1. For region B:87-135, enumerate the residues that are exposed (fewer than 15 other Cβ atoms within 10 Å of the Cβ), within 30 Å of residue B:220 (Cβ to Cβ) and within 14 Å of chain A (Cβ to nearest Cβ).
2. Assess whether residue B:198 counts as being without any contact (Cβ under 8 Å) to a residue 40 or more places away in the chain and more than 12 Å from every other protein chain (Cβ to nearest Cβ).
3. Please work out if residue A:1031 is within 10 Å of another protein chain (Cβ to nearest Cβ), out of contact with any strand residue (DSSP E or B) (no Cβ under 7 Å at 6 or more places or on another chain) and closer than 21 Å to residue A:918 by Cα.
4. For region A:818-836, give me each residue that is crowded, with 21+ Cβ neighbours inside 10 Å and either at positive phi or outside any loop (DSSP other than H, G, I, E, B) (or both).
5. Which one of these is buried (at least 17 other Cβ atoms within 10 Å of the Cβ), at pLDDT 85 or above and either within 30 Å of residue A:880 (Cα to Cα) or in contact with a strand residue (DSSP E or B) (Cβ under 9 Å, 6 or more places away or on another chain) (or both): A:253, A:232, A:201?
6. Taking the stated definitions as given, is residue A:209 modelled with pLDDT of 75 or more and either over 30 Å from residue A:358 (Cβ atoms) or outside the structural domain of residue A:125 (by TED's automatic domain parsing) (or both)?
7. With the condition being touching a strand residue (DSSP E or B) at 6+ places or on another chain (Cβ under 6 Å), buried (at least 18 other Cβ atoms within 10 Å of the Cβ) and at pLDDT below 85, I'd like the helices (runs of 4 or more DSSP H) fully within region A:580-690 carrying at least 2 qualifying residues.
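The values are calculated or read from the model by the stated rules, or taken from the named source; none is laboratory data. As the structure is a prediction and not an experimental result, all values here were calculated from the model. Every residue, glycine among them, receives a Cβ derived from its backbone with ideal geometry; neighbour counts consider all protein chains shown.
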């Protein structure tokens, strides 16, 4: 395998990953190419090209180029900075090839490489040997899945013998056959063929790119996947791009506007044709050069006019729209990140908006799908109760009904965990009596798990558990005298009541969501072989030996009680195994685990086979406390008319208990219907009767949905991760409502990805949910703030922003339409070209951005106090097609007044010194000044929350407008570029006229007052809740 | 985002408690209450109405007189003559008589007006070279391509001033006569000072040459006159040598393109230093002697002479006072409606 020449023959990917998409030279072309793939940018490029054609160029190319270049520049800078971060990440380490150092990018599949402590793993590597005994090595996978607990990887025994012997490693000529590259971080199936033997390979033997080697001096490995084929890379960019409903609406509207634009173009083109026919033809004596017109080809003239007007009117969809929207969303995301009220002090975790594109949708959520464990609850597990051999332990009340206050004293055990508390002394007594079943119970807990112990100082044990349940159980066993002290791949060492006992670990039958159980097969020092199994009660009970019938009944009664108290339960069982049976089974296991295809199924069948005829030991109950503020949050969100569905894998009783404790089910809801049939028919019948669900068969989906939506509360229990996603998908597709999924574990990932918005709780169960999510924070209760404050504001701001933005551009652009009727439809612009260039990006961009970023209609306290304020977002009333129509109307009206009032006032008027002022340039200055003032006044009226920033931006924009106006019309600029600044002196000569200001004032009043009156009437006649709250 | 900050510690990632980041910036939240909106509406209504009345009164004191001379009186024959392009070089003079009933007090301005002449067509407006008109020697001999096809004359010489705007310059000239009992006399008009200061002194300059002794004709040597012109640019004003070339004021006035097809342009200002015009134009009989050159029949246009006085807010303008009055009344109406609604439905109360 370490033969490069041989490996070169195969088309393996090299390790040169361009995580940085660009380098210095390719940046410009590649980035530009990517940017022009966006429809909007391409559209503007086409416009630019159109403007270069002199016959139709109604605007100088500058007017489109300047905004386009600015937009491209901003985007390019953003891309470049994103990329720069990637570059710095990519050049951290060099890797050391055997005997020679190489750069990362030169690593090829089949190379054998040496990694040192704290180095990043450079590719997906098969671990061959390491400095630690048994070929163990420790890795941290924070870069991959965010989990920071150390994980152990172990080389095959045969390869770990190679050690650090370079010559042997060089001679290593094994061959790896494995699955094709995929993105499953936790699965690997492959087989190593070496010296005529087959060895199974699984994830335990792989070091994936992105991991960091820890606590291991060195290790050797063979590269299996490199470059883009690594799992890390395969995982990149697969997240589905989510878009908000506002986004979709915006795109539709932009299309409508294009349609509108074309209509306008056609009207004006027809106008031009008629005008040329009737008037223009006779006027052609002054315009000799128009070939087509000279030939009386008026239709061709109309055709050219169409394109000219498309160019002029293109500002109806300004290029700055998309950029502004992005900026506003980014700002809102930062506000979420910066919010101290969503910062969890205990864990030093601020809220994080991981996507910046969904903010306003947070204000429109109608359905929340919540996981239970770790989301509603803390997921800090405390071993609370147990049932051993038909006897229940752990009640806080003794048989006389007195509350037990004294905790069990574990001082006899020097290795105990001091934080552990237990109130029932009888259990310790039972241990001390050396009851075999109790001993076996705790032995099982100490043996059957995947926890890693860490013992920094003698007796100072810390468990690194992937699931908090396991941690709690192992800790319980530790305190009751069965201390799990250390493990190697083949042994587990316990300290049973102070004496070290070594168990030989023969097999681990690991846990997954389908099996819902885990087993270990061990040989104790006396040579007996035992299988210990723990898992969900239903699963275990199905596999019990019939002789356990009585015990099973008592235990399941206990389990029912436990679950009724909201505890998480597991059943424990064991089985004695015969040496011969095991040996034969192990052979088949070895075979099954080397198969590449269907290995999973094969193994599952084998496991199934041996996990039968179990002897019941008892059951554990682990308490998972509710998170702070959960009931209040749920109550508040319910008031905001958000439906909360809890989807949990727990048992029905547990789920219902949680439902009561977090206020979802209340005592006054006496009609709690439970549907738990298993067959399709059964469920169907039950659905007709009542509520709550258990089935997702296609034909039942509709019934389920309908009934579920009639309910106040829906709790789905016993659902698998896939079903969670199905439920979300069902609601998402059928209800046309915005859905939000919140969860903390890997089992919630599919649901989080399916929902419109996925929220991850960074809790106990690692980071997968957070990594898949759009927003993340540490506590469920922050959801209220995220939705009712941030979401509401985002939605409100975005709607106001869009309304104003469209209005502004209609008012700005349609003046050209009216002017068309006076200038022979010749596509003459009303404004100065520079004004057209700068209007959207300089004169009016900042005030509306400030409004989009800072505006608040009601403050946060009131947002919490009146949850119904959230309603408008769900009904989508602040910006929809009707609102768009209204803002179009307002824009058209404003443009009409903007044009015709100055027209009426100036078409035949002289200055006070008699010289005329009705020329086109003066007219342009008057209209553009009126326009800027009108839209500034309008933004002033639309802004509800005037911060200093708003003041600076609004007044500043006006000041900048006048400053630029006078600068552009100055003598100096004209004398340098006479043909680019022909407006010399117009501003001076116009704006010193009283009549001009009279007209500007009249225009402003006429444009603004009707809107103001309508708004006042609306708040007076049909006050919304927002108005009422504001009025208080 | 969300990257760990450099300062370590248990609360290293805690967001800053600044008013900006916590969205607690001090702010002013104006409210649309009846107490603010209604007085504002009434106030605006009163302001508009008062302004309207004031403007109306002011406008009543201004005078304007329009005389259409397209084919009025003796101009009819000129009109017919100009129909035929072959007669372009023949001069044609005609007279239009009119009567002023009330004295035009104050400064009186003499305009010529054109109806239905589209100075605002895109191709027309673009057809000029400001670089040439500012007197750049480079552009003088080599005008911008925007001037096409009025860029070279039939001899291949570059046209100065080039382009369609200059080419179509209005070339009627007027003499205003006052017929009093004492006999007829010419009304004295200032033919200078009729442009914007910036136009005359910045935007339009004659070409600069080092040799100051050269005459304007020599400066413009090597350029042709616009196709429709009868005189070269350096000879536009035969009486005032300093009013020639690109800084000829009639040319400057013409080059400031009108925004609408009906427009008037300043021709002259009454010289009030001479009796009997010290107070303005006295009432009486007047006639205008017109050198009728500009053909309008091609585009169904009309020509007129306008005499007007101005007020503090410019020339006679009936639109503005009326518009103010109408707006004021509408706002008043709105205010009354709003008040009625507010009275009837009252302030809302917060009830949930």
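1. Once the filter is applied, which keeps residues that are exposed (fewer than 15 other Cβ atoms within 10 Å of the Cβ), within 30 Å of residue B:220 (Cβ to Cβ) and within 14 Å of chain A (Cβ to nearest Cβ), region B:87-135 yields only B:88.
2. Details: without any contact (Cβ under 8 Å) to a residue 40 or more places away in the chain: yes; more than 12 Å from every other protein chain (Cβ to nearest Cβ): no.
When the stated conditions are applied, residue B:198 does not pass them.
3. Working: within 10 Å of another protein chain (Cβ to nearest Cβ): yes; out of contact with any strand residue (DSSP E or B) (no Cβ under 7 Å at 6 or more places or on another chain): yes; closer than 21 Å to residue A:918 by Cα: no.
Against the criterion (within 10 Å of another protein chain (Cβ to nearest Cβ), out of contact with any strand residue (DSSP E or B) (no Cβ under 7 Å at 6 or more places or on another chain) and closer than 21 Å to residue A:918 by Cα), residue A:1031 does not qualify.
4. So the first thing to find is which residues in region A:818-836 are crowded, with 21+ Cβ neighbours inside 10 Å, and the list is A:819-820, A:823-832, A:834-836.
Those that are crowded, with 21+ Cβ neighbours inside 10 Å and either at positive phi or outside any loop (DSSP other than H, G, I, E, B) (or both): A:819, A:820, A:824, A:825, A:827, A:834, A:835, A:836.
5. Working: A:232 fails: at pLDDT 85 or above; A:201 fails: at pLDDT 85 or above.
The match here is A:253.
6. Numbers: modelled with pLDDT of 75 or more: yes; either over 30 Å from residue A:358 (Cβ atoms) or outside the structural domain of residue A:125 (by TED's automatic domain parsing) (or both): no.
Against the criterion (modelled with pLDDT of 75 or more and either over 30 Å from residue A:358 (Cβ atoms) or outside the structural domain of residue A:125 (by TED's automatic domain parsing) (or both)), residue A:209 does not qualify.
7. On the way: elements: A:599-610, A:630-639, A:652-661, A:680-689.
Qualifying helices (runs of 4 or more DSSP H): A:652-661.
A quick yes/no check of all residues on (1) modelled with pLDDT of 90 or more; (2) more than 30 Å from residue A:796 (Cα to Cα):
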position: A:917; (1), (2): no, yes
position: A:935; (1), (2): yes, no
position: A:957; (1), (2): yes, no
position: A:960; (1), (2): yes, no
position: A:963; (1), (2): yes, yes
position: A:971; (1), (2): no, yes
